[in-house]
Amino acid sequence: MNAHSSRSHSVFSVTIHIKENSIDGEELLKTGKLNLVDLAGSENIGRSGAVDKRAREAGNINQSLLTLGRVITSLVEHAPHVPYRESKLTRLLQDSLGGRTKTSIIATISPGAINLEETLSTLDYAHKAKNITNRPEVNQKLTKRALIKEYTEEIERLRKDLIAAREKNGIFLSEDNYKAMENKISSQEDKIKEQTEELKKIQEMYFIQTKELEEITKTLEDTQETLSTTKKVMQFIF
């Protein structure tokens, strides 16, 4: 291990706002964001010999990496709930994990056999992260009014979630957001059911057509055999 390492994650974010004026003189805003993230590697405290403050740092790092792993797994398996808010790291990287941004990941590993466990863990991370589907979108130009409305709706949604969490009623989402999630799941289940039924119909049609093709092939073979016999008879007569 690097004795001089800070043993911490580093997140450097740059947000760029571009202002333009429309033909009507209305001010338009275009926002772009760049995240540069350096994740600290997991650490085996027993093998590294970390104690006191360094051991606590390693524990916090390992915990945040576990949360990141749960988020990645949830996205890959298309789980109905993704635990972005379980750590500050995953909350900051929400747009980069299954969001509307382009994301690149560089996994650095050690060639040493002593670090085999960490190497396998890192490669497993990278393999799972590679299967996350992002939906990059070109930044749209928004008016100030539309941008303020978007921020206001986001704040209201977060406020409802916070109230629901404080009440500790077993649902750590506001009722409206939970119902919206349930409706989305229900809609997806209905769509899967419709597609399954459609697939069954296609399979039945395929079976019928295959059966017809076999019958036609058999008829063709019989006809060809009859034709061949007829030709031989005609040749014998003449």
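The sole residue among Ile132, Ile105 that is touching a helix residue (DSSP H, G or I) at 6+ places or on another chain (Cβ under 8 Å), in a loop (DSSP other than H, G, I, E, B) and open to solvent by 90 Å² or more (accessible area, probe 1.4 Å) is Ile105. Scanning the stretch 124-149 for residues that are within 26 Å of Ser22 (Cβ to Cβ) and at pLDDT 80 or above yields a count of 2. Just to be sure before I move on: is Lys200 in contact with a Leu (Cβ under 6 Å, 6 or more places away or on another chain) and open to solvent by 70 Å² or more (accessible area, probe 1.4 Å) in the structure I sent? No; evaluated as a whole, the condition is false for this residue.
Only one of the numbered conditions (1) within 29 Å of the chain's Cα centre (by Cα); (2) over 27 Å from Leu162 (Cα atoms); (3) modelled with pLDDT of 80 or more is violated by Lys19, and that is (1).
Restricting the stretch 52-73 to residues that are more than 17 Å from Ser10 (Cβ to Cβ) and charged (D, E, K, R), the residue that is least open to solvent (accessible area, probe 1.4 Å) is Arg54.
Condition check ((1) in a helix (DSSP H, G or I); (2) free of Cβ contacts under 8 Å to residues at least 24 places away in the same chain; (3) among the hydrophobic types (A, V, I, L, M, F, W, C); (4) under 30 Å from Arg157 (Cβ atoms)) across all residues:
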{"position": "Asn183", "(1), (2), (3), (4)": "yes, yes, no, yes"}
{"position": "Gln188", "(1), (2), (3), (4)": "yes, yes, no, yes"}
{"position": "Glu197", "(1), (2), (3), (4)": "yes, yes, no, no"}
{"position": "Glu214", "(1), (2), (3), (4)": "yes, yes, no, no"}
{"position": "Lys218", "(1), (2), (3), (4)": "yes, yes, no, no"}
{"position": "Glu221", "(1), (2), (3), (4)": "yes, yes, no, no"}
{"position": "Leu227", "(1), (2), (3), (4)": "yes, yes, yes, no"}
{"position": "Thr230", "(1), (2), (3), (4)": "yes, yes, no, no"}
{"position": "Gln235", "(1), (2), (3), (4)": "yes, yes, no, no"}
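Of everything in the stretch 84-102 that is part of a loop (DSSP other than H, G, I, E, B) and open to solvent by 50 Å² or more (accessible area, probe 1.4 Å), the residue that is nearest to Leu39 (Cα to Cα) is Lys102. Each residue in the stretch 115-129 was checked for being open to solvent by 40 Å² or more (accessible area, probe 1.4 Å), in contact (Cβ under 8 Å) with a residue 60 or more places away in the chain and either of a type in the set (D, E, K, R) or more than 22 Å from Gly69 (Cβ to Cβ) (or both), and 1 pass.
Looking only at residues of the stretch 135-165 that are touching a residue at least 60 places away in the same chain (Cβ under 8 Å) and not in a helix (DSSP H, G or I), we find that the one that is nearest to Ser74 (Cα to Cα) is Asn139. Looking at Asp24, Asp52, Asp38, which is the one that is of a type in the set (Asp, Glu), over 26 Å from the mean Cα position of the chain (by Cα) and at pLDDT 75 or above? Going through Asp24, Asp52, Asp38 in turn, the sole match is Asp24.
The values are calculated or read from the model by the stated rules, or taken from the named source; none is laboratory data. Nothing here was measured: the structure is a model prediction, and the numbers come from that model. Backbone-built Cβ (ideal geometry, glycine too); neighbour counts: all protein chains shown. Side chains included, ligands, DNA and RNA excluded: accessible areas come from the protein's heavy atoms. Shrake-Rupley method; radii C 1.70, N 1.55, O 1.52, S 1.80 Å.
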